[in-house]
Amino acid sequence: MFADLAPRIDRLRAGGHPVGLGTILVGSDGASEGYIRMKMERAESMRMASPHIHLGDHASQSEVIDAIGRMNSDPEVTGLLVQHPTPPQIDFDAALLAIDPDKDVDGLHPLNMGRLALGMAGPVPCTPAGIEALLAHYEIPVSGGEVCILGRGTTLGRPLALLLTQKRPTANAAVTVVHTGVPDWPEYTRRADIVVAAAGVPGILRPEHIKPGSVVVGGGVRYEGRKVLPDVDEECAEVAGWITPKIGGVGPTTIAMLFKNCVEAAERLAGLR
Ligand SMILES: NC(=O)c1ccc[n+]([C@@H]2O[C@H](COP(=O)([O-])OP(=O)(O)OC[C@H]3O[C@@H](n4cnc5c(N)ncnc54)[C@H](OP(=O)(O)O)[C@@H]3O)[C@@H](O)[C@H]2O)c1
């Protein structure tokens, strides 16, 4: 993905068109600081601008909205994200609404969720988009198959269901979404060809919940300090035919999609798409 993006960034720069990832961090959460640093370093290594605003732990909602406004109107910023989670006094949904939808690299603005639901072009939420790309890259058949997603959250389960039911060869699946309202959810995961764990409950998906030889994608994780606890019990590897790595599973593809969204936004602004 990054190899594909590099010449596109060069083309933009050569044409005098800006391409940059703007980031806003509120507070001093160690993990979030690490994620932002990693994204900025990646942007710099891709020869992209990486304007950053860091607000303190006690920043107000209006300071956050003001920072978003400055990034929205900065021509260097073609893609923008506010790192989640934000401190409790911040209304993250309201912040999301303030982001220019065409710069929304996380693809989480309601307008972009609407575009996804309607099959219109626009930035797609990064973790779901990365999962579709991952399955396509490993030539795992999705079209016509049964996919069961454990979790209906807005960053992963729900947009992934919208994506994998779209009519194209790398999607086109029969998708079931299960959650806490479906107590017998293992009945559904056990019959699926592909199971995506998107609950954020460590070890929730166990070997007895999956069909032998099926594909298991671990998306959900819980952070406890520096520890990352995945949804997928490691014994699933004994039963699955194909499984994402225990740690870092869909992290790299999520980042790749963030940069894809950022470059595509720059191309749209430059009139190249
Ligand atoms: N690796 C990455 O880069 C990446 C990126 C994004 C998200 N994630 C992870 O993906 C996970 C999902 O995130 P999200 O924001 O989409 O979702 P979320 O808002 O955290 O929601 C979790 C979903 O899981 C369901 N769930 C929780 N416990 C369950 C249980 N015991 N049985 C059945 N269903 C259960 C919930 O059901 P209800 O709706 O009924 O409450 C909910 O739909 C999180 O762990 C997040 O950290 C990872």
**Request:** Residue by residue through segment 7-30, note down the ones that are in contact with a Lys or Arg (Cβ under 8 Å, 6 or more places away or on another chain), within 27 Å of Leu134 (Cβ to Cβ) and surrounded by fewer than 17 Cβ atoms within 10 Å (Cβ to Cβ).
**Result:** Asp10
**Complete:** Flagged in segment 8-21 as assigned to a helix (DSSP H, G or I) and more than 23 Å from the chain's Cα centre (by Cα), in numbering order, are Asp10, Arg11, Leu12, Arg13, Ala14
**Item:** Residues (surrounded by fewer than 24 Cβ atoms within 10 Å (Cβ to Cβ), outside any helix (DSSP H, G or I) and more than 10 Å from the ligand (Cβ to nearest atom)) located in segment 183-193
**Value:** Asp184, Arg190, Arg191, Asp193
**Fill in**
Turns out the helices (runs of 4 or more DSSP H) fully within segment 35-128 with at least 2 residues that are open to solvent by 40 Å² or more (accessible area, probe 1.4 Å) and closer than 24 Å to Ala199 by Cα are 110-118
**Prompt:** What pairs can you find where one residue is in segment 201-227 and without any contact (Cβ under 8 Å) to a residue 40 or more places away in the chain and in a strand (DSSP E or B), the other is more than 13 Å from the ligand (Cβ to nearest atom) and open to solvent by 40 Å² or more (accessible area, probe 1.4 Å), and their Cβ atoms are less than 6 Å apart, with a gap of 6+ or different chains?
**Reply:** Val216/Ile243
**Prompt:** Identify, please: which residue in segment 201-212 is open to solvent by 20 Å² or more (accessible area, probe 1.4 Å) and more than 14 Å from Trp242 (Cα to Cα) and is, among those, farthest from the ligand (Cβ to nearest atom)?
**Reply:** Glu208
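The values are calculated or read from the model by the stated rules, or taken from the named source; none is laboratory data. Only a predicted model underlies this, so the values are computations on that prediction, with no experimental measurement involved. We place every Cβ from the backbone using ideal geometry, glycine too, and count neighbours over all the protein chains shown. Ligands, DNA and RNA are excluded from the accessible area calculation, which covers all protein heavy atoms including side chains. Shrake-Rupley method; radii C 1.70, N 1.55, O 1.52, S 1.80 Å.
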